[in-house]
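The values are calculated or read from the model by the stated rules, or taken from the named source; none is laboratory data. Source: prediction; values computed, not measured. Glycine gets a Cβ as well: all are built from the backbone with ideal geometry, and neighbour counts include every protein chain shown.
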Amino acid sequence: MKRSLALGLALCRAILVSLAAICLPAIAQTASDCAKARDPARCEARQGALEICKEKRRAERRRCLEEQLPPPDCRKATFPERCLAAVAAHVACRAKPVAEQRQCLREQLRPAAPSSR
């Protein structure tokens, strides 16, 4: 019993260590990673915004990041029209509380109903 428990704990520990090794490099972006990014200027702006807003929490942090980050360059997006629509919806819904903002975004981004003749 003790041996199987020890083996189980060792297996769990090995899985956690391997997951950390896989996930942490993807999460922790440094300035050198921004050179490889699709939009290096936005990446660097994001790094600066994260540094500026690091002491803030929850809604205050979200507001700080929104103020600090420039909008995405939709010319570089895979679907530029969709990107422009998302940016416009975000601007239209920005001042609302979180729950209302989610609903507003859904309404703004909902595809138009097909017209019937």
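Some notes on this structure:
- Among residues of segment 85-117 being surrounded by fewer than 14 Cβ atoms within 10 Å (Cβ to Cβ) and among the polar types (S, T, N, Q), the one that is modelled with the highest pLDDT is Q103.
- Conditions (1) farther than 21 Å from H90 by Cβ; (2) modelled with pLDDT of 90 or more; number of the one not met by K56: (1)
- Checking each residue of segment 96-103 against the condition of being in a loop (DSSP other than H, G, I, E, B), within 21 Å of D39 (Cα to Cα) and in contact with a helix residue (DSSP H, G or I) (Cβ under 8 Å, 6 or more places away or on another chain) gives no match.
- Subset of segment 38-69 (residues that are farther than 20 Å from R102 by Cα and surrounded by 14 or more Cβ atoms within 10 Å (Cβ to Cβ)): D39, R42, C43, E44, A45, R46, Q47, A49, L50, C53, Q68
- First in segment 38-63 and within 20 Å of A77 (Cβ to Cβ), second anywhere and surrounded by fewer than 13 Cβ atoms within 10 Å (Cβ to Cβ) and at pLDDT below 90, Cβ under 7 Å, 6 or more apart: R38/K76; D39/K76; R42/P70; E44/A31; A45/P70
- Residues (at pLDDT 85 or above, assigned to a helix (DSSP H, G or I) and exposed (fewer than 15 other Cβ atoms within 10 Å of the Cβ)) located in segment 70-84: R75, P80, E81, R82
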